[in-house]
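Engineer: Take this structure first; my questions come after.
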Amino acid sequence: MFHKLARGLKQRPGAGIALLIALMAAIFLADTFTRLEIAVAVFYVAVILAAFSFLPRRGVIVVAVVCAALTLISLFLTPNGGALRELGLINALISIAAIGVTAYLALKRAAAEDAAFEARTQLARMARIHSLGELTASIAHEINQPLAAIATSGSACQRWLEHEPPNIERALRALQRMTDDVTRASEVVARIRRDARNAAPQRTRLALPDVIGDVLERAGGELDRHEVVLSTRIQEHMPEVLGDRVQLGQVIVNLVLNAIEAMQDTPAGARQLTLRLTAQEPGQVQFSLTDTGPGLSPQARERLFDTFWTTKPDGTGLGLTISRGIIESHGGRLWAEPAGRGGAVFCFTLPAAPEEEPSS
Ligand code: ADP
């Protein structure tokens, strides 16, 4: 009720000031015409609280000074003071002290409210800057992958053409990979634009083994270069999933590249990557990727999916954050756990697409 009244007074300050003047006049008259031993002036505290609810800080100070002055004036105007004047003076001083303390506390509270507001604004501003930075970094991260792949395929193509005699077939294959990666980069840009417009992501029926096949073809060069032996165990008759091909491919690329990087210090003969795809009950598909890297430290297990958390000198700490976001937006779950022989296993699940109605 008090808040309602305060809001009303803020909207109509004229009415508020009239109310304050009426209150001050009433207290002044009562203080002047009652006996000196009754400290009516203490009620000016209510006037200050009322002023605080709708007046700016300077207004509260003016009201407090006026109240103190009125207290002193009524002390001298009160009739038949006589022997009671000393008691009246003490009461007036107590009232003025109460007015002063109330005004001081009200002003302190106003300052604290201002500081809290300033802090909230600052926080909101920082959150906006942070998410803008996050977005920029994530775009850079997603575009960087196809660009790096294009550069690798480009130099491979050049090597095959400079070969004596030139190996046209392999050069053409490298060119094809470049074209595919350019398409992928433009699909990523198209998706970012779609996301920026808050449009729903593309959901089509997908066979995950095909998506995996595409990714492994693209990552093949990296696997060879790092002498990683890959084994894939894909269950037969896998149900399809409903999803965005580019996004899901992006998640698998992220996991594969992370695993390759994690196995850098593993002796060459022991760099093994095992990819499994199984149909789980009820209506779920599970992907897992097991490596023979150093595994996950307690800190890694806690922070793996935190934005910007990275242990790599040129890492962004965004790959897993983005990947988890993509899987969750597809209604699935992405997590990591220690692998049996010391490495790490990254898994995700996705809901299987509903059975297609047989066309009649
Ligand atoms: P980035 O690769 O840029 O560091 P990510 O979000 O993809 O960003 O990964 C965050 C961190 O998680 C990595 O820096 C690394 O320390 C850890 N990590 C990711 N994958 C593995 C893995 N397969 N084994 C061990 N640690 C991993």
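Engineer: Can you send over the carbon and sulfur percentage of the accessible area for the chain, probe radius 1.4 Å, protein chains only?
Structural biologist: Carbon and sulfur: 60 percent of the exposed surface of the chain.
Engineer: What is the distance, in nm, between label points placed 7 Å from the Cα along the Cα-to-Cβ direction at Val229 and at Glu169?
Structural biologist: That separation, rounded to one decimal, is 2.7 nm.
Engineer: Suppose only helical runs count, i.e. DSSP H with n ≥ 4. What mean residue ellipticity at 222 nm does that imply for the chain under -39500 (n - 2.57) per run, divided by all residues and rounded to the nearest 500 deg cm²/dmol?
Structural biologist: About -21500 deg cm²/dmol.
Engineer: Here is a follow-up. Which helices, counted as full DSSP H runs in the chain, have an axial Cα extent of no less than 27 Å and a Kyte-Doolittle average of 0.0 or above?
Structural biologist: On the way: long enough: 13-33 (30 Å, 1.92); 57-77 (30 Å, 2.14); 85-162 (113 Å, 0.36); 168-196 (42 Å, -0.50).
The qualifying helices are 13-33, 57-77, 85-162.
Engineer: Given a 1.4 Å probe and the protein chains all in place, what does the accessible area of Lys108 round to, in Å² to the nearest 10?
Structural biologist: About 110 Å², ignoring ligands and nucleic acids.
Engineer: Take the alpha-carbon centre of the range 215-261, take the same for the range 40-106, and report the distance between them in whole Å.
Structural biologist: Each part reduced to its Cα centre gives a spacing of 79 Å.
Engineer: Packing-wise, with mean Cβ within 10 Å as the measure, how do 143-150, 232-239, 246-253 rank, highest first?
Structural biologist: Top of the packing list down: 246-253, 143-150, 232-239.
Engineer: Same structure, new question: Quick query: amide H of Thr232 versus all other amide H atoms, modeled in the peptide plane; which residues come in under 5 Å with a sequence gap of 5 or more or a different chain?
Structural biologist: Answer set, sorted by chain and number: Leu275.
Engineer: Might you report the magnitude of the Cβ-based charge dipole of the chain about its Cα centre, with Lys and Arg at +1 and Asp and Glu at -1, to the nearest 20 debye?
Structural biologist: 1920
Engineer: If the chain between Ile38 and Glu261 were fully stretched, how many nm would it gain, using 0.36 nm times the residue separation less the Cα-Cα distance?
Structural biologist: Numbers: separation 223, 0.36 × 223 = 80.28 nm, distance 8.43 nm.
The span from Ile38 to Glu261 would gain 71.9 nm if fully extended.
Engineer: Among Pro79, Val182, Leu55, which residue has its Cα furthest toward the positive end of the charge dipole of the chain, with +1 on Lys/Arg Cβ and -1 on Asp/Glu Cβ?
Structural biologist: Pro79
Engineer: Ignoring ligands, DNA and RNA, what accessible area per residue does the range 51-92 give at 1.4 Å, in Å²?
Structural biologist: Values: 2340 Å² over 42 residues.
Normalised by residue count, the accessible surface of the range 51-92 is 56 Å².
Engineer: For Ala352, which sequence-distant residues (separation of 5 or more, or a different chain) have an amide H within less than 5 Å of its own amide H, given hydrogens modelled in the peptide plane?
Structural biologist: Gln284, Val285
Engineer: I've got another one for you. Can you give the extra length, in nm with one decimal, that the chain gains between Ala279 and Thr311 once fully stretched, where that is 0.36 nm per residue apart less the Cα-Cα distance? Please list the in-between numbers first.
Structural biologist: On the way: separation 32, 0.36 × 32 = 11.52 nm, distance 3.34 nm.
My answer for the length gained is 8.2 nm.
Engineer: Taking a probe of 1.4 angstrom, what is the accessible area of Phe43 in Å², to the nearest 10?
Structural biologist: Its accessible surface works out to 130 Å², give or take rounding.
Engineer: Please list 3J(HN,Hα) in residue order for the range 344-350, calculated via the Karplus relation 6.51 cos²θ - 1.76 cosθ + 1.60 where θ = phi - 60°; whole Hz, with x for glycine and proline.
Structural biologist: Each residue of the range 344-350 in turn: 10, 10, 9, 10, 9, 10, 9 Hz.
Engineer: Once you've got the GNM for the chain with C-alpha springs shorter than 10 Å, pick whichever of Asp181, Asp31, Asp306 has the biggest mean-square fluctuation.
Structural biologist: Largest GNM mean-square fluctuation: Asp31.
Engineer: How would the chain be classified by its alpha-carbon gyration tensor: rounded, prolate or oblate, with rounded meaning a/c under 1.5 and the a/b versus b/c comparison settling the rest?
Structural biologist: Note, shape of the chain comes out prolate.
The values are calculated or read from the model by the stated rules, or taken from the named source; none is laboratory data. What you see is a predicted model; the values in this text were computed from it and never measured. Note that each Cβ is placed from the backbone with ideal geometry, even for glycine, and that neighbours are counted across all protein chains shown. The protein model used for the area step is the full one, side chains on, heavy atoms only, and it has no ligands, DNA or RNA in it. Shrake-Rupley method; radii C 1.70, N 1.55, O 1.52, S 1.80 Å.
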